[in-house]
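The values are calculated or read from the model by the stated rules, or taken from the named source; none is laboratory data. All values derive from a computational prediction rather than experimental measurement. In this analysis, Cβ positions are derived from the backbone assuming ideal geometry, glycine residues included, and neighbour counts consider all displayed protein chains.
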Amino acid sequence: MQFKDITGQKKVISWLTKSAEAGRIAHAQLFFGPEGSLKLPVAIAYAQFINCRTPIMQDGHPVDSCGKCSSCIKFSRLEHPDLHFFFPNNDNALIEKSQSSDYLPLWREVFKENNGEFSYQTWINAMEIGQNRQAIINKADCDTLLGILNLRKFEADYRIVIIWMAEKISDTISGALLKTLEEPEHGTVFILITENPDNIIATIRSRTQLVRFLNLPENIQHSEQNTEEDNENHDKFVLWMRYCYAADVPSILSFSEQMKAHSREKVKYFLSGSLEEFRRCLLVRYHAERYVKATDEEKSFSLKFAPFINGNNIDKFYSIINKTIYHVDRNGNIQLLFTSASLEFCKIFAAERKAIKNTSNT
Ligand SMILES: [Zn+2]
């Protein structure tokens with residue numbers, strides 16, 4: 001991957017090439033920015049660039065890798081022996097595949113299919129790790145990494161260690177990782193990638209150079225379309241809210257039971273979609289429809305539902321959903337979590353109904 005293959009992020013790229021030319025290549029960098037902001041493609045292009053034998057020059061300055069030398073070819077195939085990847089994978093050490101390197105062929109495939117830009121959810125789906133499994137960067141990964149750092153480099157000027165979705169580094173290994181970041185070995189560059197630096201342990205974050213990626217303008221974003229899963233989730237959300245609005249306890253209980261059948265990752269994805277649904281309702285209510293990116297079906301629902309979402313209660317909706325995500329992430333009982341969140345929603349709706357009735361009576 002060369003910089004020229006990347007649409008957008010020109011500022012970040014220019015900063016990276018200039019600081020490399022000036023000999024300032026930080027040994028630990030944290031690429032952060034929203035989903036879709038091309039952090040991984042830029043990381044690969046950067047790794048290829050700083051290791052290129054004959055970089056492309058412009059006005060006397062190196063601006064991109066050549067894409068042709070033996071080093072570039074190996075980097076572009078993600079097969080360079082000094083390029084190492086760590087990413088969330090199976091947390092279950094008992095099964096055959098339980099660390100990043102076991103998934104490397106699949107990783108290369110998914111990278112190629114998506115031009116290097118893909119979401120955590122896409123990766124989880126590709127791994128097919130089964131229901132209710134968390135994907136983390138685990139102890140086996142850490143051992144492998146320490147082993148790699150003990151070896152001599154093969155041939156590159158800079159050995160590159162890319163840690164994708166670094167917020168998924170297991171707590172148990174963060175200490176060991178911290179040590180490697182504290183005592184950098186000359187010629188190794190760590191690139192940690194995350195959507196939210198706040199989710200990275202502060203001690204790790206503070207040892208990295210932060211590189212910020214802004215969201216790309218919408219017209220060049222990759223996936224504009226809702227996936228089938230998004231549509232299903234929307235339908236599920238509508239049902240859920242109907243049950244809560246009607247305080248229909250039997251339906252709430254069976255809905256909560258159904259949620260239990262999904263993997264934790266799918267449940268979290270559904271919940272983060274719910275945050276978006278609430279946000280959309282609030283925008284519709286305050287006539288900011290032009291900011292709403294949604295299908296017609298979603299918009300018509302938001303329009304009907306909007307009167308019950310307002311500036312006074314939106315925080316409550318958000319905090320109930322966020323609390324649920326937090327506990328789902330920490331192995332809470334999904335059925336109980338949905339039942340309890342639903343009952344809280346019932347209370348809010350009851351209060352809103354009462355308020356609306358009072359206003360119309362006066
Ligand atoms: Zn080259």
The stretch 53-67, residues that are within 16 Å of the ligand (Cβ to nearest atom) and either closer than 12 Å to residue 160 by Cβ or charged (D, E, K, R) (or both)
53, 64
Restricting attention to strands (runs of 3 or more DSSP E) lying wholly within the stretch 3-114, give those where 1 or more residues are within 19 Å of the chain's Cα centre (by Cα) and modelled with pLDDT under 95.
28-32
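Against the condition within 14 Å of the ligand (Cβ to nearest atom) and surrounded by fewer than 18 Cβ atoms within 10 Å (Cβ to Cβ), how does residue 7 come out, does it pass? Full working, then the answer.
Numbers: within 14 Å of the ligand (Cβ to nearest atom): no; surrounded by fewer than 18 Cβ atoms within 10 Å (Cβ to Cβ): yes.
No.
From the list 101, 119, which one is assigned by TED's automatic domain parsing to the domain that holds residue 147 and either within 16 Å of the ligand (Cβ to nearest atom) or under 22 Å from residue 190 (Cβ atoms) (or both)? Break it down into steps so the answer makes sense when it comes.
On the way: 119 fails: either within 16 Å of the ligand (Cβ to nearest atom) or under 22 Å from residue 190 (Cβ atoms) (or both).
So the residue among 101, 119 that is assigned by TED's automatic domain parsing to the domain that holds residue 147 and either within 16 Å of the ligand (Cβ to nearest atom) or under 22 Å from residue 190 (Cβ atoms) (or both) is 101.
Could you identify the single residue in 73, 50 that is crowded, with 17+ Cβ neighbours inside 10 Å and within 11 Å of the ligand (Cβ to nearest atom)?
Details: 73 fails: crowded, with 17+ Cβ neighbours inside 10 Å.
Exactly one of 73, 50 is crowded, with 17+ Cβ neighbours inside 10 Å and within 11 Å of the ligand (Cβ to nearest atom), namely 50.
Quick one: which residue in 23, 36 is at positive phi and free of Cβ contacts under 8 Å to residues at least 24 places away in the same chain? Show your work before the answer.
Working: 36 fails: free of Cβ contacts under 8 Å to residues at least 24 places away in the same chain.
None of the others qualify; the one that does is 23.
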Out of everything in the stretch 273-319 that is among the hydroxyl-bearing types (Ser, Thr, Tyr) and touching a helix residue (DSSP H, G or I) at 6+ places or on another chain (Cβ under 7 Å), what residue ends up being modelled with the lowest pLDDT?
291
Need pairs with beta-carbon distance below 6 Å; first residue free of Cβ contacts under 8 Å to residues at least 60 places away in the same chain and within the stretch 69-80, second more than 8 Å from the ligand (Cβ to nearest atom); sequence gap 6+ or separate chains.
74/80; 78/108
Expected output for the stretch 335-356 (first residue closer than 15 Å to residue 309 by Cβ, partner among the polar types (S, T, N, Q), Cβ below 6 Å, 6+ apart or cross-chain) is 348/313
Just the residues that are touching a residue at least 24 places away in the same chain (Cβ under 8 Å) and at positive phi, please, taken from the stretch 56-68.
67
